Amino acid sequence: MKVLKTIEELQNVRKSITSTVGFVPTMGALHDGHISLIKQARNENDIVIVSIFVNPTQFLPTEDLDAYPRKDEADKRICEMCKVDYVFMPEISTMYTSEEVLIKAPNKSYILEGRTRPGHFDGVLQIVLKLFGLTQPTNAYFGKKDAQQLSLITQMVRNLFLPINIIPCEIIREADGLAMSSRNVYLNEVQRKDSLLICKSLYTAASLIGKNELNSNVLKQRMNDVMSTLDVEYIAIVDRDFNEIENIELKNSIILVVARFGNTRLLDNIWV
């Protein structure tokens with residue numbers, strides 16, 4: 001495995017590759033969710049590139065950029081164990097030579113996550129587009145937990161005619177059901193226990209759907225009942241183009257939840 005720090009190093013490596021490339025963009029602090037993406041990329045491509053970069057443009061001024069967990073040495077060891085070929089770990093000054101905004105996210109970036117975090121998806125799409133330009137992957141791997149991000153990246157690739165396959169990957173959960181996230185480390189013992197109500201609410205909705213309850217308002221109310229003790233930011237039921245829907249459309253719907261635990265926001269979802 002080789003660690004690359006500069007644009008020139010990555011470009012030179014990419015020029016020498018003539019086979020399939022799997023790319024996994026991350027912000028580091030790797031956990032089993034990231035590892036699942038890397039392993040899938042390893043199984044499906046000749047070469048695997050992982051980027052580790054905490055992207056400042058997707059953080060709002062009030063958010064946790066400075067506190068975001070950074071575990072560079074541990075991350076490199078994890079990548080090596082997963083048989084990654086190249087790890088790209090640039091500095092901020094390498095990826096951003098000016099404050100110019102290269103791409104604006106579409107209108108659907110201003111709902112749900114974008115309503116709470118205006119400009120967040122501009123930063124996400126900007127860095128992903130830069131990384132796609134550098135790595136020119138055959139396949140790029142993203143977790144379904146960040147469902148709105150996944151949808152917007154897929155739309156960007158389609159709109160810009162990029163020859164990249166976006167591969168959605170299943171959510172990886174802790175043994176007790178909590179969706180894995182680098183921000184889970186922020187939770188204290190009480191918050192960690194309370195956080196399980198998020199996945200419990202989603203399982204409740206899935207159970208009701210299994211009994212043919214498809215009305216979105218009914219499902220939301222039952223989920224709110226489960227999470228009555230939490231600071232729930234939103235529950236949304238949308239189709240896979242992120243249009244709100246009054247009734248579940250089987251195999252074309254996503255149920256999304258965001259709740260706050262102090263300064264920590266946790267998001268989760270199920271695809272139905």
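Things to note:
- Picking from residues in the range 148-171 that are in contact with a helix residue (DSSP H, G or I) (Cβ under 9 Å, 6 or more places away or on another chain) and of a type in the set (Val, Ile, Thr), the one that is farthest from residue 138 (Cα to Cα) is 171.
- Residue within the range 243-258 that is among the β-branched types (Val, Ile, Thr), surrounded by fewer than 19 Cβ atoms within 10 Å (Cβ to Cβ) and modelled with pLDDT of 95 or more present: yes
- Selection within the range 185-202 - crowded, with 19+ Cβ neighbours inside 10 Å and without any contact (Cβ under 8 Å) to a residue 12 or more places away in the chain: none
- Selection count where residues are within 19 Å of residue 125 (Cβ to Cβ) and either at pLDDT 95 or above or hydrophobic (A, V, I, L, M, F, W, C) (or both), scope the range 63-93: 4
Per-residue answers, yes or no, for (1) buried (at least 20 other Cβ atoms within 10 Å of the Cβ); (2) without any contact (Cβ under 8 Å) to a residue 12 or more places away in the chain; (3) over 21 Å from residue 237 (Cα atoms):
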site: 79; (1), (2), (3): yes, no, yes
site: 88; (1), (2), (3): yes, no, yes
site: 94; (1), (2), (3): no, no, yes
site: 112; (1), (2), (3): yes, no, no
site: 126; (1), (2), (3): yes, no, yes
site: 133; (1), (2), (3): no, yes, yes
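- Note on the range 155-180: residues that are surrounded by fewer than 16 Cβ atoms within 10 Å (Cβ to Cβ) and within 18 Å of the chain's Cα centre (by Cα) total 5.
- Checked against the criterion of being within 30 Å of residue 264 (Cα to Cα), among the charged types (D, E, K, R) and not in a strand (DSSP E or B), the candidates 15, 39, 83 yield just one match: 39.
- Taking strands (runs of 3 or more DSSP E) as the structural unit, those lying wholly within the range 162-264 and holding at least 1 residues that are over 29 Å from residue 54 (Cβ atoms) and small (Gly, Ala, Ser) correspond to 253-261.
- Members of the range 118-149 found to be out of contact with any Phe, Trp or Tyr (no Cβ under 8 Å at 6 or more places or on another chain) and small (Gly, Ala, Ser), listed by number: 119, 133, 143
The values are calculated or read from the model by the stated rules, or taken from the named source; none is laboratory data. What you are looking at is a predicted structure, and each value in this text was computed from that prediction instead of being measured. Neighbour counts run over all protein chains shown; Cβ positions are idealised from the backbone, glycine included.
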